[in-house]
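The values are calculated or read from the model by the stated rules, or taken from the named source; none is laboratory data. Since the model is a prediction, treat every value here as computed from it, not as a measurement. All Cβ positions, even for glycine, are placed from backbone atoms using ideal geometry, and neighbour counts span all protein chains on display. Note: accessible area is taken over every heavy atom of the protein model, side chains too, but ligands, DNA and RNA are not part of it. Shrake-Rupley method; radii C 1.70, N 1.55, O 1.52, S 1.80 Å.
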Amino acid sequence: MSIGNSPEDERPFEDDREQARLSVGRALKQARIDAGLTVDDVSNATRVRIAIVHAIEADDFAPCGGDVYARGHIRTLAKAVHLDPAPLLAQYDADHGGRPAPTPAAPLFEAERIRPERRGPNWTAAMVAAIVAVVGFVGFTAFKGGDDGGAKAQVAEGSTPTQSKSPSPTPHDKKSATPKSDPSDSAIAAAPQDKVTVRVSAPDGKSWISAKDHNGRLLFDGLLQQGDSKTFQDNEKINLVLGDAGAIQLYVNGKKIEDDFQPGAVERLTYTKGDPQVG
């Protein structure tokens, strides 16, 4: 009679190895519990809604709204519970068919952004028409007064101030052009204490952004091209969603936000009149 382990005795070891690999949601939940944090604590720290935190910990990523947003939430929650997000993102990609391709939303929002710029040439055309009218009037006056030398001299003398006045529309053109680059800067410089002022700029790349006021009214929803900026102001708070937070630079109430946003990260942010608390 032989003594030894039967095949049934060895199966639990294989089961233990299978159970050792936690899912993404279970890993985040376990790390949160180990850190002594509640779901409310994590939601307040990350500004990810409580319902979404519960869903992710249950490996239900549908409420995130897509793979791009799901990856952003995983990265944000992992940092909050002191986990390295890279292995979790790799595991998520492996379970969901690979890393998602960028959302092809650029053509639509580029078309919307270009439309308002067509108003610019109207000012140029108006300036050209005014200058042509002034020059034509001076030429007509010179032609009409050309009967004798004295009249020509008077026309020549009178034309001098007329020509000096003709460039006068140029300062108006400069003044009209100046506000195109200044609204954001002036709003940040003013930064009234009784309001919250948020400036979003994209110096290093483009990113989709969404902004709402304290009533939930949509202030902007579109693609911010590289080099562009938007400024939002409200009496109480501004809610932001950044599609690629790594490409965005924020100024809140006149102060630069130094958060280390990662490229491709989706960030949901809320700022009030008292922000930023530090810096």
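Identify, from the list A211, A187, the residue that is modelled with pLDDT of 90 or more and not in a loop (DSSP other than H, G, I, E, B).
A211
Considering only segment 27-58, state which residues are open to solvent by less than 60 Å² (accessible area, probe 1.4 Å) and touching a residue at least 24 places away in the same chain (Cβ under 8 Å).
A27, L28, A31, R32, A35, L37, V42, T46, V48, V53, I56, E57
From the set of residues in segment 213-245 that are open to solvent by less than 30 Å² (accessible area, probe 1.4 Å) and of a type in the set (G, A, S), which is farthest from Y271 (Cα to Cα)?
Top of the filtered list is G222.
Considering only residues that are assigned to a loop (DSSP other than H, G, I, E, B), open to solvent by 80 Å² or more (accessible area, probe 1.4 Å) and farther than 22 Å from C64 by Cβ, which ones fall in segment 246-259?
Correct list: E258 only.
Take the residues in segment 188-212 that are among the basic types (K, R) and under 14 Å from the mean Cα position of the chain (by Cα), then tell me which one is surrounded by the most Cβ atoms within 10 Å (Cβ to Cβ).
Per the criteria, the residue is R199.
Within segment 61-80, can you find the residues that are open to solvent by 30 Å² or more (accessible area, probe 1.4 Å) and assigned to a loop (DSSP other than H, G, I, E, B)?
Correct list: G65, G66.
Just checking, how many residues over segment 260-270 are open to solvent by less than 20 Å² (accessible area, probe 1.4 Å) and either in contact with a Ser or Thr (Cβ under 6 Å, 6 or more places away or on another chain) or not β-branched (V, I, T) (or both)?
Number satisfying all stated conditions: 2.
Kindly indicate which of I248, I238 is farther than 21 Å from P85 by Cβ and in contact with a strand residue (DSSP E or B) (Cβ under 6 Å, 6 or more places away or on another chain).
I238
K273 - would you say it is modelled with pLDDT of 90 or more and surrounded by 12 or more Cβ atoms within 10 Å (Cβ to Cβ)?
Judged against the criteria, K273 is not a match.
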